[in-house]
Structure formats: structure tokens, C-alpha cells
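A.B. asks: Here's a structure for you.
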Amino acid sequence: MPVRFFHYLMVAPVQLLLLFIIGIPSLFVFWQGLTEFSYGQDAVFVGLDNYKSVLTDRAFWRAFSNTFIIVNAVVYIEIAAAIGISILFAGGVPFRRLMIAILLVPYAVNEVTAVVMWRFMLEPNVGLLTQLLNSVGLPTLNWPTNRWDALTVIVLLSIWLNLPFTTIIIYTARLSIPQEIYEAARTDGASPLQAFFYVTFPMLIPAILIALLFRYVFAFRIFGEVWLLTRGGPAGSTEVLATYLYRNSFRYLELGRASAIGWLMLVTTLLMAMFYLRQVYKRMLS
């Protein structure tokens, strides 16, 4: 048996599993996006009408812009914070194990519980965090009625929930860097800042790219934080693509249109993923 054929045979079960669990349902949803139907109605083929309807809907583009703002703010702030925390932990911060345990606390909290907790703490009138902000002279985040305040709270909440995941990836990569490299850099007279830019950061790039890939894909699907906190309000000003899809499918029962929205989200996610996967592949070959 040829070696190449044997390799294909070994991965065939996984490929078949992916085909039946992801491939076939995805194609079925694509077909639904080309039809107009709802519960108790027969599907009527309408071609690309659903896609045209979605792409000409101002609510879709508002949801897309909100998603774009939230995703980029969450991902890049989270990556920067994860790099800083990783360097701090690797540098021998006191009570490192305790600090790591505290960092992982958000992963032990259910998402619904976390959102409810943040709602109470950031309640504009009596919330604990609101009072703390006011005590240091910072303005109140009036997130129930102000779009930008609401988006700020959503970004902060999403970062708090997902920072442990990103930090674990980057911190593990930081620990894998040999100490001999830093000793050589110090011998050559490199300052801590120069060691970061010429040693640490270049060697963390593969881990950073992987973290960016995962967080972009996951953040682009953001739903729970938005739905449980603002339900897309006020007046749809914090609507994201996932809540827009939810409204079309389960509120308006326009399942063909919702399928088209789902496929537009999938294509956008794949385009982003392809860029970062290509960067990871280049780093692997270099």
C-alpha cells in the first residue's frame, strides 16, 4: 500500500465526520438561503433575492459596523493585555500561582452569570463599579441609553471573559523561549525594552497569530454579551450580526433570509481566517 494512500486512509474517518457534521449541514443552509420559507410553509426558490435584501438593509450594515468595532477593539486590546500579563508573569511576579488562578476566574464563571453580574455592578444609579468610577472622577457609563457607552461595556465584558484563553496561549509561548537568548542579549548590552522588541516579540509572533485567529473567529460570533446586556438596544444601536440573525430567524421567522445572513457571516469569517492562516503557514516555513 502506498504511503500517501495510507495517510489518507488514516485521516478518512475524521474527514467523513467533518463532512456529515459541518459540510452537509452548511450546504443545506446555503440552499435555504436561496429560498423563501418559514415554519409550516413550503420553500420557494428565490435565487439571490435574500442576499440582495440583506445587503441593501441598513440594519444589516449597522450590525456589521458594530460587529467590526467590537471585534477589533476586543481582539487587539486583549492581545496587548495578554502580552503584558505574560511578560509580567514570566518575569517572576510575586505570588505568581495565585495571580494565574485569579486570571483564570472568568473561565469558571458562566457567561449568563457574568453578564448579570456586570449589569448590576454597572447599573448607572447604584452599581458598585459606577460608584467607583464616580469616586475617581470618571463619568458614569450610561450604557442603557447611549450607544458608545453600551459598546464600551460590551467590549470590556468580552475582554474579561476571554482574556484567560488568550493569555494562556501567549504565556505558554513566552515560557518556551530559552533563557540563554536573554542572557546573550544582556551580555551584548540590550536594555529590557530592546530585549522585548528584538527577542520576545519576534518569538511570540506565531503564538500571537494563532491567538488572533481564534479570537477573531470567536469574537465575530459574539452574541451572549450583547443579547443579555442590551438586546441590541437602544433602538438597535448595538445590534451585531449574531443578534441580527437571531431576530430574523426566531422573531420574524424569515428562515431563508436568516440562512443568507448566516452564510454571509461564514464567508466573512473564512476570509479573515484565511489571512491569519496564511501568516501562520509562512511563519512555519520560515
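A.B. asks: Using beta carbons and a limit of 6 Å, which pairs, at least six apart or on different chains, have the first residue in region 44-56 and touching a residue at least 40 places away in the same chain (Cβ under 8 Å) and the second one surrounded by fewer than 11 Cβ atoms within 10 Å (Cβ to Cβ)?
C.D. replies: Going by the 6 Å Cβ cut-off, there are no qualifying pairs.
A.B. asks: Going residue by residue through region 141-160, is there one that turns out to be free of Cβ contacts under 8 Å to residues at least 12 places away in the same chain and among the charged types (D, E, K, R)?
C.D. replies: Yes, the conditions are met somewhere in region 141-160.
A.B. asks: Taking the conditions exactly as written (in a helix (DSSP H, G or I), among the hydroxyl-bearing types (Ser, Thr, Tyr) and buried (at least 16 other Cβ atoms within 10 Å of the Cβ)), does THR172 satisfy them or not? Give the steps one after another, and end with the answer.
C.D. replies: Values: in a helix (DSSP H, G or I): yes; among the hydroxyl-bearing types (Ser, Thr, Tyr): yes; buried (at least 16 other Cβ atoms within 10 Å of the Cβ): no.
When the stated conditions are applied, THR172 does not pass them.
A.B. asks: Of the conditions (1) loosely packed, with under 13 Cβ neighbours inside 10 Å; (2) at pLDDT below 85; (3) farther than 20 Å from SER158 by Cα, ARG96 clears all except one; give me its number.
C.D. replies: Among (1) loosely packed, with under 13 Cβ neighbours inside 10 Å; (2) at pLDDT below 85; (3) farther than 20 Å from SER158 by Cα, the lone unmet condition for ARG96 is (1).
A.B. asks: Output the residues belonging to region 49-93 that are modelled with pLDDT under 90 and in contact with a Leu (Cβ under 7 Å, 6 or more places away or on another chain).
C.D. replies: Passing the criteria: only ALA90.
A.B. asks: Name every residue in region 1-18 that is closer than 30 Å to ALA260 by Cβ and either modelled with pLDDT of 85 or more or more than 34 Å from the chain's Cα centre (by Cα) (or both), in order of residue number.
C.D. replies: Residues satisfying the conditions are LEU16, LEU17.
A.B. asks: Residue under question is LEU122, and the condition is that it be crowded, with 16+ Cβ neighbours inside 10 Å, at pLDDT below 85 and over 15 Å from the mean Cα position of the chain (by Cα); does it hold?
C.D. replies: Considered against the rule, which asks whether it is crowded, with 16+ Cβ neighbours inside 10 Å, at pLDDT below 85 and over 15 Å from the mean Cα position of the chain (by Cα), LEU122 comes out as no.
A.B. asks: Which of (1) at positive phi; (2) in contact with a Lys or Arg (Cβ under 7 Å, 6 or more places away or on another chain) does THR166 not meet, given it meets every other one?
C.D. replies: Every listed condition holds for THR166 apart from (1).
A.B. asks: Would you list the helices (runs of 4 or more DSSP H) that sit entirely within region 176-275 and hold 1 or more residues that are among the β-branched types (Val, Ile, Thr), at negative phi and without any contact (Cβ under 8 Å) to a residue 12 or more places away in the chain?
C.D. replies: Numbers: elements: 179-187, 192-195, 201-220, 224-229, 241-246.
Counting at least 1 such residues, we get 179-187.
A.B. asks: Would you please name the residue that is nearest to the chain's Cα centre (by Cα), looking only at residues in region 256-274 that are under 18 Å from LEU27 (Cβ atoms) and small (Gly, Ala, Ser)?
C.D. replies: GLY262
A.B. asks: Quick test for you: out of ALA195, ALA260, pick the one residue that is modelled with pLDDT of 90 or more and in contact with a Phe, Trp or Tyr (Cβ under 7 Å, 6 or more places away or on another chain). First the steps, then the outcome.
C.D. replies: Values: ALA195 fails: modelled with pLDDT of 90 or more.
The match here is ALA260.
A.B. asks: Just to be sure, is ARG215 at pLDDT below 85 and out of contact with any His (no Cβ under 9 Å at 6 or more places or on another chain)? I'd like the intermediate steps shown before the answer.
C.D. replies: Numbers: at pLDDT below 85: no; out of contact with any His (no Cβ under 9 Å at 6 or more places or on another chain): yes.
It is false that ARG215 is at pLDDT below 85 and out of contact with any His (no Cβ under 9 Å at 6 or more places or on another chain).
A.B. asks: Given the criterion modelled with pLDDT under 90 and under 24 Å from ILE77 (Cβ atoms), identify the matching residue among ILE177, ILE169, ILE181.
C.D. replies: Working: ILE169 fails: modelled with pLDDT under 90; ILE181 fails: under 24 Å from ILE77 (Cβ atoms).
Selected residue: ILE177, the only one of ILE177, ILE169, ILE181 that is modelled with pLDDT under 90 and under 24 Å from ILE77 (Cβ atoms).
A.B. asks: So PHE64 passes all but one of these: (1) among the aromatic types (Phe, Trp, Tyr); (2) surrounded by fewer than 17 Cβ atoms within 10 Å (Cβ to Cβ); (3) closer than 24 Å to TYR276 by Cα. Which condition number does it fail?
C.D. replies: Status for PHE64: all satisfied but (2).
A.B. asks: Check VAL71 against each of (1) of a type outside the set (Gly, Ala, Ser); (2) within 17 Å of THR238 (Cβ to Cβ); (3) without any contact (Cβ under 8 Å) to a residue 40 or more places away in the chain and name the one condition it does not meet.
C.D. replies: Of the numbered conditions (1) of a type outside the set (Gly, Ala, Ser); (2) within 17 Å of THR238 (Cβ to Cβ); (3) without any contact (Cβ under 8 Å) to a residue 40 or more places away in the chain, the odd one out for VAL71 is (3).
A.B. asks: Got a number for residues in region 1-46 being surrounded by 10 or more Cβ atoms within 10 Å (Cβ to Cβ) and touching a Leu at 6+ places or on another chain (Cβ under 8 Å)?
C.D. replies: Qualifying residue count, region 1-46: 7.
A.B. asks: Just to be sure I understand the filter: pairs with C-beta atoms under 8 Å, separated by 6 or more residues or on different chains, first member in region 105-126 and within 20 Å of ALA150 (Cβ to Cβ), second member at pLDDT 90 or above and among the β-branched types (Val, Ile, Thr). Which pairs pass?
C.D. replies: From residues that are within 20 Å of ALA150 (Cβ to Cβ), the pairs are TRP118/VAL153; LEU122/VAL153.
A.B. asks: Could you tell me whether ILE210 is within 13 Å of the chain's Cα centre (by Cα), modelled with pLDDT of 90 or more and not aromatic (Phe, Trp, Tyr)?
C.D. replies: Values: within 13 Å of the chain's Cα centre (by Cα): yes; modelled with pLDDT of 90 or more: no; not aromatic (Phe, Trp, Tyr): yes.
Here the answer is no, as ILE210 does not meet what is asked.
The values are calculated or read from the model by the stated rules, or taken from the named source; none is laboratory data. Note that the coordinates shown come from a computational prediction; the quantities given were computed from them, not determined experimentally. Because the Cβ atoms are built from the backbone with ideal geometry, glycine has one as well, and the counts that use them run over all protein chains shown.
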